[in-house]
Each structure stands twice: as C-alpha cells, then as structure tokens.
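Only one structure is covered here, and it is reproduced in the block below.
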Amino acid sequence: MVIDNKKIAIVGGGPGGLTLARLLQLKNADVKVYERDENKDVRVQGATLDLHEESGLEALRRAGLTDKFKENYRPNAGKLKILDKKLNIFLDEHASEESYAEDRPEIDRAPLRKILLESLQAETVVWDSQFISMEKQNEGWLLHFKNGNSYYADIVIAGDGANSKIRPYLTDIKPIYSGVTMIEGNIYNAEINAPKLWNLINGGKIFALDHNQSLLFSTKGDGTLTFYTGCKTDENWVKNSGIDFNNKQQVFDWFKKEFSTWDKNFHELFQSDEISIIPRPQYHYALDQHWETSENLTLLGDAAHRMPPYAGEGVNMAMQDAFELAENLTNNEFQNIKSAISNYEKNMLKRASEITEITLFNTEMLHAPNAIENLLKMFQGEEI
Ligand SMILES: Cc1cc2nc3c(=O)[nH]c(=O)nc-3n(C[C@H](O)[C@H](O)[C@H](O)COP(=O)(O)OP(=O)(O)OC[C@H]3O[C@@H](n4cnc5c(N)ncnc54)[C@H](O)[C@@H]3O)c2cc1C
C-alpha cells in the first residue's frame, strides 16, 4: 500500500473523519484523529440524518457496521409532513395508505458518532485537540494544537468541517453565500417544552413552507426537537441584525416579526429556556472548484464541499468521500500517495459539484413563492 509505514493524521472527528479512520484501520494503517471536542460525551447538536444507499449506508457496510446501524437507527423518523404557514397539511406520510418505504433510514448524530468511535482502536482519537496551524517538516507536516501539543504526520487529511482551518493550506478558494441564512434551534425535552409541535411532528419530520420562508423540524431519540428557520437575507445579516443569538428573547422578537403571518402555534418554539440557538448562514463552493493536488494533504466532507442542507446530502457525501479515499489509499493501484489523492480528488470534486448543483436548486425551490407546489411535484417525479 502507498500508505505502508506512514503516519496519517485526520483532523476532525465528524462522520467523514471517523469513517475514514475506521476504514484505514481495517487495512492496518497508522491513523490518529485529532478532534477539537473535549471528550466523546460532548453533546452533538443538529438534526437527525438520513443515510443513502450508495453513500452513507455503503460506507457503513464497508466499515462492517451495518448491524450496529440497524440497532441504532430510528424507524419512521423520516416520515414527512408538508405544511403551509397556517398549518394546512399538503402531504402526511403518517396518514398515507401506502406503506412507508424506509429507503433513507434516519439516525441521530450522537449514536452515529458513537458507533464509529467504538469501532476504532483504543486511543485513536486525541480529544481536546483543536488544530491551529502546521508547517512542513521532513516529508510530512508538523501540526500544532491549541492545547500546546504538536504532532508529526506523513499525511494530513482535513475532516474539520465547513470552516476548515486546514483547507487554506491547499487552496484559497472562498465559499459563496447561498442567499439563505438558517437559525438552528434545539429544544430539549420537547414533549414538555413544545407539546403542540411535538404532537404535530409525531416523531417524523416537517417541512413548513410559505412566503419565501421555511421552517424545518425533526425529532431526535433523546426527546429533542430540532428546527431550522430559513430566510433569504444578506450575507452579513447575522452580524448586522443586532440580534444577540445567545439571548432567546431577542431571537423570539425577531421571529415574531419575520414570521408574523405564520400561525401563532409556531411561537411554541421559543417558549422554554431549554433551547440552544445557532445562526447558520449557508455557503457553498463554486461548481468548478479545483486545486493542485498535494503529495500528502487532502480534504473530505464539508471541508472540501460545504453546501446548504436542503438536499440532505452533506453527511452522505462526507462518508462517501471517506470510503473512496480509503479505497484509493489502500488498493495498491497507485504508484504513490499523490496519484492516489489525485484520483480521489478528481472523482470527489465531480460528484460534489453535481450534488451542490442539486442542493442549490432545492435551496431556491424551497424559498420560492410556490415552494409547496414544486416540492409536491418533485416527490411525484414531475418536472418543476
Ligand atoms: C443546519 C444544518 C443542517 C444539516 N442537515 C443535514 C441533513 O439533514 N442531512 C445531511 O446529510 N447533512 C446535513 N447537514 C450537513 C452535515 O452536518 C455535514 O455535511 C456533515 O456533518 C459533514 O461531515 P464532516 O465530517 O465533513 O464535518 P463535521 O460533521 O462538521 O465534523 C467536523 C469535525 O471536526 C471538528 N473540528 C472542527 N474544527 C476543528 C479544528 N480546528 N481542530 C480539530 N477538530 C476540529 C468538529 O468538532 C467536528 O467534530 C446539515 C448541516 C447543517 C449546518
């Protein structure tokens, strides 16, 4: 293998980085994952994830973790309701006569992380390691972390997410603002803290769309209701709005104004104090982005191709990157690491470009005046 006797540093223990670590360890590679989180028990925010057959689920299959996935996925969590702002229901997969096809099964982020972590050899993940910088040393890199530690690696793989600190060592291509800013909210113990919406969502997902705005909801197995507002705003709206996003009341005041024509039942989102709120302006990269291949450095997942979540592809792409990169580095078809990375990047960038294009289409569609009509057409396989 081109990676025999090489020390590999994966920076970032998200789904992409951990999947890659597992797949490389199955081939006896020398891998460490440097993760910013303090330890494995840090609360994992964000909605449930649907895994797709050819990408997320294929990665778990190759990692030998399908049985673990089956023990932890959440049947029926993908059942969708489509609503307008007045709570009129246009589609309800809970009520449908047709049997529900679980073709994109849902798993929460925390159990997915746990499954991947438990599949790794002891001490693979070096917690509390926030990457700060690196410099070339011998044939590889010396990486520096905020806690003062430094480690050498022959190969560095960036899995450190959308605001990757490693990406600039490979390319200076900047992300492009999509035109939509989301606010993510996680309401803990939502059966008590947002009971009407908890009943409405019924363990599944809701897309509420109207007036160029979106409200997306999903539940998690731990009783959390996650929601995302989606609004067309300026790129710097988060900074310029004057809202303190740590102050729930200020965000609620904004919501009441911005979503003033929506049913008042949605105010329940801000009723309790058991909530975390994170503003998330949505960015993507140019469809034709590319860079010169490095001999010992590459990217995967959001570090390579961040995009809005409106096609539900982010985690699936990250996990597909992981298995394709692992395959290239271990299949003995390449003469050296650089040609293995080059082939991986060529295919990854093409695939990411196609998926980004679909995602941007969905982003526009869900924030257009006739969003519901278009979404229903899309589900029925009709042209929009
Ligand atoms: C609001 C929102 C909703 C989404 N919904 C969906 C969805 O429904 N379906 C879907 O498929 N995808 C969704 N995504 C996208 C999905 O979360 C990402 O695409 C996916 O998690 C990418 O995986 P990753 O491993 O590349 O990065 P991440 O999951 O971002 O993981 C990066 C890891 O690196 C660590 N890290 C970051 N910086 C450093 C550093 N400097 N040093 C060390 N470690 C570091 C982080 O702590 C983290 O553990 C959504 C994203 C957002 C923002």
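The values are calculated or read from the model by the stated rules, or taken from the named source; none is laboratory data. Small disclaimer: the values here were computed from a predicted structure and weren't measured. All Cβ positions, even for glycine, are placed from backbone atoms using ideal geometry, and neighbour counts span all protein chains on display. Surface areas here come from the heavy atoms of the whole protein model, side chains and all, with no ligands, DNA or RNA. Shrake-Rupley method; radii C 1.70, N 1.55, O 1.52, S 1.80 Å.
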Scanning the range 125-140 for residues that are in a strand (DSSP E or B), open to solvent by 20 Å² or more (accessible area, probe 1.4 Å) and more than 11 Å from the ligand (Cβ to nearest atom), the one farthest from Leu49 (Cα to Cα) turns out to be Gln137
The residue that is nearest to Ile355 (Cα to Cα), considering only those in the range 313-329 that are more than 9 Å from the ligand (Cβ to nearest atom) and either open to solvent by less than 30 Å² (accessible area, probe 1.4 Å) or of a type outside the set (D, E, K, R) (or both), is Gln320
- Would you check if Gly12 is at pLDDT 95 or above, in contact with a strand residue (DSSP E or B) (Cβ under 9 Å, 6 or more places away or on another chain), open to solvent by less than 20 Å² (accessible area, probe 1.4 Å) and within 14 Å of the ligand (Cβ to nearest atom)? yes
Residue pairs within 7 Å by beta carbon, gap of at least six or interchain, first lying in the range 346-368 and of a type in the set (S, T, N, Q), second assigned to a helix (DSSP H, G or I), listed first then second, are Asn347/Glu324; Thr356/His305
Among residues of the range 245-258 being within 13 Å of Gly185 (Cβ to Cβ) and not in a helix (DSSP H, G or I), the residue most open to solvent (accessible area, probe 1.4 Å) is Asn246
Among Tyr177, Tyr100, Tyr151, Tyr169, the single one that is closer than 26 Å to Lys68 by Cα, out of contact with any helix residue (DSSP H, G or I) (no Cβ under 9 Å at 6 or more places or on another chain) and open to solvent by 10 Å² or more (accessible area, probe 1.4 Å) is Tyr100
Within the range 106-124, the residues that are hydrophobic (A, V, I, L, M, F, W, C), open to solvent by 30 Å² or more (accessible area, probe 1.4 Å) and within 20 Å of the chain's Cα centre (by Cα) are Ala110, Leu117
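Of the residues Tyr310, Tyr283, only one is among the hydroxyl-bearing types (Ser, Thr, Tyr) and buried (at least 20 other Cβ atoms within 10 Å of the Cβ); which?
Numbers: Tyr283 fails: buried (at least 20 other Cβ atoms within 10 Å of the Cβ).
Sole residue among the options that is among the hydroxyl-bearing types (Ser, Thr, Tyr) and buried (at least 20 other Cβ atoms within 10 Å of the Cβ): Tyr310.
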